[in-house]
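The values are calculated or read from the model by the stated rules, or taken from the named source; none is laboratory data. What you are looking at is a predicted structure, and each value in this text was computed from that prediction instead of being measured. Neighbour counts run over all protein chains shown; Cβ positions are idealised from the backbone, glycine included.
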Amino acid sequence: MADDFLKYQAQTSPHPLAMKVSHAKGSYVYDVNNKAYLDFVAGVSACTLGHCHPKVVTAIKEQLDSYLHVMVYGEYIQEPAVELAKLLAKNLPNSLEKTYLTNSGTEAIEGALKLAKRATGRSQIISANNAYHGSTMGAMSVMGFEERKRAFRPLLPDVSYITFNNEEDLIKITKKTACVVLETIQGGAGFIEPQNHYLEKVRERCDKVGALLILDEIQPGIGRTGKLFGFEHYNCVPDILVTGKGLGGGMPIGAFTASSKLMDLLQDHPKLGHITTFGGHPVIAAAALATLKEVTKSDLIPQTLEKEQLFRKHLVHPLIVQIRGKGLMLAAMTPSADITNELILGCQDEGLILFWLLFEPKAIRITPPLTISKDEIIEGCQIILKVLDKIQKKYSSSTN
């Protein structure tokens, strides 16, 4: 199977981890030899309720028995999609009332950018250095990391960049700006939080010049930071909210949400201003609805902040120089990329799944399911410390 994986399935890197997966349940992924791996990554923040959560699986099976795809998006009334959009609105500020469902976060970004241009009649988009919003052409155009997009130019024109948390850069947002698109917490850059009321100041500047603010909550959203949405920590409500990843509970989904006034612009002039065949798919929407219900009705969100503190308490080691992030969106920083690589690969050998971040080579991604138990957190932290001790001993020997 490994040979077929490399021969027939397109790869995203020269050296994939290539674990042969048999099944997954709760906080664990199992390989074909039935070795259990404690999952501190959750499908890169996607498996909010862990693997094969019974409420999500039940929702999927029940919908399978009713109908699958029946019509392109927005034409037929399909209960799972309607109820999902309604529940999102119920849990968002009044100005975020109507949702367009897509197949992925990057597609939702594309829709949000189109909506901002349609609403303002302007062309300029402002993003942040080291930003990541997806890999389609529009989303890549607002990626703030030239090395990853140079080979695919030309991209969208009239895109400018500001530095996250740099207030002096806000003067670049002008009356020519259609929108500012920011991650609420910068993900690929190393889980960088906004500081000194930064998002409030961006919001004020956008209001002053008539630009729209798009907040990308594809990673921070759906309870991961200790609030249902990350922006709730920072007193800043966007004009357009983008979600994905964890909303699907392990199924592929994206969404962008705005006011009815804004969203209705996609209906006319031109008609079919944004269309998708499979967005809002009933099976996916059923899974997302079950996920959102469980997150909002349980105590998982407040537990997230308690679990954050447990990680911070136990991940104390000379080779961990900092832990960034909030809730269960954490990045442990080591002194070098080599140490990070050794730790991630060494932990996999020991039965713990960790992963990298896109643009910060010294960061170790820690984004477990929100359902992870405190005992599992401690178990995983002990594995990390064990591997770090081996790395430290090796580096100490080599310098003596």
(request) Within region 236-258, identify whether any single residue is touching an Asp or Glu at 6+ places or on another chain (Cβ under 8 Å) and surrounded by fewer than 21 Cβ atoms within 10 Å (Cβ to Cβ), and answer yes or no. (result) no
(message) I'd like the full set of residues that are under 17 Å from the mean Cα position of the chain (by Cα) and among the hydroxyl-bearing types (Ser, Thr, Tyr), limited to region 238-267.
(response) 243, 257
(message) Looking at region 175-201 only, could you name the residues that are buried (at least 23 other Cβ atoms within 10 Å of the Cβ) and hydroxyl-bearing (Ser, Thr, Tyr)?
(response) 177, 184
(request) Tell me the strands (runs of 3 or more DSSP E) entirely within region 288-400 that contain at least 2 residues that are hydrophobic (A, V, I, L, M, F, W, C). (result) 329-333, 363-366
(message) Which numbered condition in (1) buried (at least 23 other Cβ atoms within 10 Å of the Cβ); (2) over 22 Å from the mean Cα position of the chain (by Cα) is the only one that residue 172 fails?
(response) (1)
(request) Restrict the check to region 40-54 and report whether at least one residue is modelled with pLDDT under 95, under 22 Å from the mean Cα position of the chain (by Cα) and assigned to a loop (DSSP other than H, G, I, E, B). (result) no
(message) Which numbered condition in (1) among the acidic types (Asp, Glu); (2) part of a helix (DSSP H, G or I); (3) farther than 16 Å from residue 247 by Cα is the only one that residue 75 fails?
(response) (2)
(request) Can you tell me which residue among 141, 104, 160 is in contact (Cβ under 8 Å) with a residue 12 or more places away in the chain and touching a Leu at 6+ places or on another chain (Cβ under 9 Å)? (result) 141
(message) Among the residues in region 216-227, are any among the basic types (Lys, Arg) and free of Cβ contacts under 8 Å to residues at least 12 places away in the same chain?
(response) no
(message) Given the criterion free of Cβ contacts under 8 Å to residues at least 40 places away in the same chain and surrounded by fewer than 14 Cβ atoms within 10 Å (Cβ to Cβ), identify the matching residue among 76, 67.
(response) 76
(request) Being modelled with pLDDT of 95 or more and more than 30 Å from residue 20 (Cβ to Cβ) narrows it down to one of 297, 362, so name that one. (result) 297
